[in-house]
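One structure is given here, and the rest of the page talks about it.
The values are calculated or read from the model by the stated rules, or taken from the named source; none is laboratory data. Source: prediction; values computed, not measured. Heads up, the Cβs are rebuilt from the backbone with ideal geometry, glycines too, and the neighbour counts pull from every protein chain shown.
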């Protein structure tokens, strides 16, 4: 039954029915029950006390009326019934027909598509409020916000919410809020609210320009217009619909107690995390301490290593000195013989050099009968072509010099 009721609600609601009242009765609870019939049949209806109290006429059997509401299934009997939100004498339904036509056209354009709806921020920094200064909705919203989030700034954009000039004022207020958001970066959520009333009273929120202005919002918009049973086209265009203005304020402003509870939970988690981290580091420190051991034992081991290194260094130095001393003694013993052999070799080389020099002495050549001729400039004459007839030359012999003349 619930599935059938949900299917009816998603496909048909809201609906308008025109017919003749029959079997009208008012229960002690204030709820009204009746049927609406025409030539083709009849449907059971229920008008609950909250809506019945707003009736402007006294319903009676046989009266031609127009009912607006939603289809539902009465569980115990499985009967189809109409939950009536408003009831009027026939002839007052032209506005509702206009409402249905506008809704279908805008829905076809995709203005009410759930895919374009945005989620509300978890922690809005400031709120915008569009409503009338004299509306009871303003007091309801202000009271709810002061109780739940007294620290949150609220910026009011006033506009008429009823009457011929209301649509234009609502559009201007919305556009002003949008410009404020774009220039100042505040107003994270915008509330569009007013109290309950008849379809005529709420009609400004069905105006096409107002609905399109809601769709253009750069921030999420919550629409809280009328009572829980009231629907406007602005409700469908907004990112979120609230059943009442007070509920709209509560949707964007979690209570102070809730936030404090969340902070307590986060603080508890943070404290637990810090304690866990400290415990892990303490265990690691203990492990490192065990691996490190006592500082005195480490110092003693290091001292023993230094003593062993010093002993090895001393032994190595002593061995190097012994080797150097042995080499020095060997060199001292071998040096005299090496010097003697070296002097002998040098003397032999000197003798051979002296003999070679003596063999090259020009005086020895002259003693064998040769002479050395030079011209007047002292240049040696070695060819006949170097002299001419009558030229005076000097001849050097083994025992002196002679001047000679060439013929």
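What is the number of the single condition among (1) within 25 Å of residue 232 (Cα to Cα); (2) surrounded by fewer than 18 Cβ atoms within 10 Å (Cβ to Cβ); (3) within 58 Å of the chain's Cα centre (by Cα) that residue 57 does not meet?
If we test residue 57 against (1) within 25 Å of residue 232 (Cα to Cα); (2) surrounded by fewer than 18 Cβ atoms within 10 Å (Cβ to Cβ); (3) within 58 Å of the chain's Cα centre (by Cα), just (3) comes out false.
Does at least one position in region 218-239 carry a residue that is free of Cβ contacts under 8 Å to residues at least 60 places away in the same chain, surrounded by fewer than 20 Cβ atoms within 10 Å (Cβ to Cβ) and touching a strand residue (DSSP E or B) at 6+ places or on another chain (Cβ under 7 Å)?
No: region 218-239 contains no residue that is free of Cβ contacts under 8 Å to residues at least 60 places away in the same chain, surrounded by fewer than 20 Cβ atoms within 10 Å (Cβ to Cβ) and touching a strand residue (DSSP E or B) at 6+ places or on another chain (Cβ under 7 Å).
Taking the residues in region 23-55 that are in contact (Cβ under 8 Å) with a residue 24 or more places away in the chain and part of a loop (DSSP other than H, G, I, E, B) as candidates, determine which candidate is nearest to residue 90 (Cα to Cα).
At the first step, the residues of region 23-55 found to be in contact (Cβ under 8 Å) with a residue 24 or more places away in the chain are 23-24, 26, 32, 34, 36, 43-48, 50-52, 54-55.
Now restrict to residues that are part of a loop (DSSP other than H, G, I, E, B): 48, 54-55.
On the way: 48: 20, 54: 17, 55: 14 Å.
Only one residue tops the list, namely 55.
Report yes if residue 204 is more than 27 Å from the chain's Cα centre (by Cα), more than 30 Å from residue 69 (Cβ to Cβ) and buried (at least 22 other Cβ atoms within 10 Å of the Cβ), otherwise no. Spell out how you get there, then give the answer.
Numbers: more than 27 Å from the chain's Cα centre (by Cα): yes; more than 30 Å from residue 69 (Cβ to Cβ): no; buried (at least 22 other Cβ atoms within 10 Å of the Cβ): yes.
So residue 204 fails the test.
Identify, by number, the condition in (1) closer than 25 Å to residue 240 by Cβ; (2) loosely packed, with under 12 Cβ neighbours inside 10 Å that residue 136 doesn't meet.
(2)
Of the residues 148, 139, 125, which is outside the structural domain of residue 14 (by TED's automatic domain parsing) and either in contact with a helix residue (DSSP H, G or I) (Cβ under 8 Å, 6 or more places away or on another chain) or within 19 Å of residue 215 (Cα to Cα) (or both)? Reasoning before the result, please.
Working: 139 fails: either in contact with a helix residue (DSSP H, G or I) (Cβ under 8 Å, 6 or more places away or on another chain) or within 19 Å of residue 215 (Cα to Cα) (or both); 125 fails: either in contact with a helix residue (DSSP H, G or I) (Cβ under 8 Å, 6 or more places away or on another chain) or within 19 Å of residue 215 (Cα to Cα) (or both).
Sole residue among the options that is outside the structural domain of residue 14 (by TED's automatic domain parsing) and either in contact with a helix residue (DSSP H, G or I) (Cβ under 8 Å, 6 or more places away or on another chain) or within 19 Å of residue 215 (Cα to Cα) (or both): 148.
Return the residues of region 150-172 that are at pLDDT below 95, surrounded by fewer than 17 Cβ atoms within 10 Å (Cβ to Cβ) and more than 40 Å from the chain's Cα centre (by Cα); say none if nothing qualifies.
Listed by number, the residues that qualify are 163, 164, 165.
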